[in-house]
Structure formats: C-alpha cells, structure tokens
1. Would you check if Y141 is surrounded by 20 or more Cβ atoms within 10 Å (Cβ to Cβ), under 23 Å from Q214 (Cβ atoms) and out of contact with any helix residue (DSSP H, G or I) (no Cβ under 9 Å at 6 or more places or on another chain)?
2. How many residues, within segment 148-189, are touching a Ser or Thr at 6+ places or on another chain (Cβ under 6 Å) and buried (at least 16 other Cβ atoms within 10 Å of the Cβ)?
3. Being within 17 Å of the chain's Cα centre (by Cα) and over 20 Å from G134 (Cα atoms) is the filter here, so list the residues in segment 99-114 that pass it.
4. For segment 46-77, how many residues meet the condition of being within 22 Å of Q180 (Cβ to Cβ) and free of Cβ contacts under 8 Å to residues at least 40 places away in the same chain?
Amino acid sequence: MKKHSILFAITLLMAMQVSCQSSNDTNKEAEARAQKELTPVQVEMESGLAKAYFASGCFWCVEAIYESVKGVKESISGYSGGHTENPTYESSNTGQTGHAEAVEIIYDPSVVSFSTLVDVYFGSQNITQVNGQGPDRGSQYRSIIFYQNEEQKQIIDQKIAAINKTLDGEEVAAQVLPFQKFWKAENYHQDYERLNPSNPYIQNVSTPRLKRFQKKFPQLLKEDSH
C-alpha cells in the first residue's frame, strides 16, 4: 500500500510539473499575442536622426555591430518587448519580465536606411535560433525586430518571407513586434565591448561575431571599422 502511495505521489508531482509548464507556455503565448495587437509607438526624429530597435541575443554584441555601420551615430544597450516597468539586468535575466536585451540605434536616414539596418540585423545573427544567440539561451536573449509604423512592418515582413524561401524547411525565429518602449540598461553595459576588450566573453563570443559581420558586409562599415 505504501509503495502505491509513493507511486501516486510521484505521478501527481509529475503531472503538476507538466501542468505548470503548460500554464507558463500558455501565458507566454498569450503575452506574445497581446504584444502583437498593440499599436506601435512612432519615435519622432531629432536633429535629423531617427531611432530603430532590435533584439538579437547579448546586447554587448549587437551594440558593437551596429556602431560599426556607416550612418549609425550611436547604439545604446537596454531592454524592450516585455510587460514590466523599469526592468533591470537582474530582473530581465529571470525571464519573467518578458523583456529581451535590445539596442536603440540612433542613425542618419540620409546615410543608412531602415531597410539596410534590417539587413544588418539578419546578416549578423543565427536567424533560425529560437530564444537565444550562440551560447546565450533564454527568452531574454530571443530575437525581436520592432517596427514603428506599417511601412517598417512591410519591409520586415518582405525580408523574412524572402529569407524563409532559402531556409529549406526552417524559418526565421525573430518575433516581429510593434515598438512600445525602450528601457536603457545600466551604465556599465554601455560600450561594453569597446571598454572591456580582455573580457573572456568579449574575446570568445562578441568579437568573433562582430568580425564575421564585418567580413560579410565590408561596404557598410565606417572607415575606422575596417
């Protein structure tokens, strides 16, 4: 009788774990649907400069990639795509805030177009990796491309459709979401790759990723980035 009771308890525990996971998955799916239904926020240009927002794994890597592109004035690390106010590095890393590590790209549209920034985005990541890039795994490292208006969404959708045709059964993993708000990350994250060249992660992950991009798109680089 005792043996049956133990087996029943184990079965019940496993069922509860499956139910909990299923509930979490359902909640995430519901959150994703709710995000997609939001009206995008259009960020106004300032002094002739526009802003664009992307999430593509570790923001240290993505910030450095975009800052090497002609027409990009600044790339800022932060958080976007979630449901909480004032996310931090610690809170976003739990995966419970819904936010992904993201970058704010401040650029001159007379030099580099939004369409080209999207090409940089897809050309500098593993486009089929779900919830992560390289060794960084989790929803906080998922790929998201944010749009601020219908024109940007059409550009993104057209590029994804074209890429998907080349993937032999796989699909682009990036979410396409209406932009809502960008939260700037803590100061020590800004320009992290440039300021911490001896960091093992920078040497083994960020710099190789940057160099792969630079080799692939030499025509897009600033003179001092070659």
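1. Numbers: surrounded by 20 or more Cβ atoms within 10 Å (Cβ to Cβ): yes; under 23 Å from Q214 (Cβ atoms): yes; out of contact with any helix residue (DSSP H, G or I) (no Cβ under 9 Å at 6 or more places or on another chain): yes.
Yes, satisfied.
2. Looking only at segment 148-189, we keep the residues that are touching a Ser or Thr at 6+ places or on another chain (Cβ under 6 Å), and these are 155, 170, 173-174, 182, 185, 189.
Cutting the leftovers down to buried (at least 16 other Cβ atoms within 10 Å of the Cβ) gives us 155, 173-174, 182, 185, 189.
Total satisfying the criteria: 6.
3. To start, the set of residues in segment 99-114 that are within 17 Å of the chain's Cα centre (by Cα) comprises 99-106, 114.
If the condition is that a residue be within 17 Å of the chain's Cα centre (by Cα) and over 20 Å from G134 (Cα atoms), then E104, I105, I106, F114 are the ones that fit.
4. Residues meeting the conditions: 3.
Yes/no matrix, rows are residues, columns are (1) touching a helix residue (DSSP H, G or I) at 6+ places or on another chain (Cβ under 7 Å); (2) under 30 Å from D224 (Cα atoms); (3) at pLDDT 95 or above:
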| site | (1), (2), (3) |
| --- | --- |
| S75 | yes, yes, yes |
| T97 | yes, no, no |
| S110 | no, yes, yes |
| V120 | yes, yes, yes |
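The values are calculated or read from the model by the stated rules, or taken from the named source; none is laboratory data. Since the model is a prediction, treat every value here as computed from it, not as a measurement. Don't worry about glycine lacking a Cβ; one is built from the backbone with ideal geometry, like all the others, and counts go over all protein chains shown.
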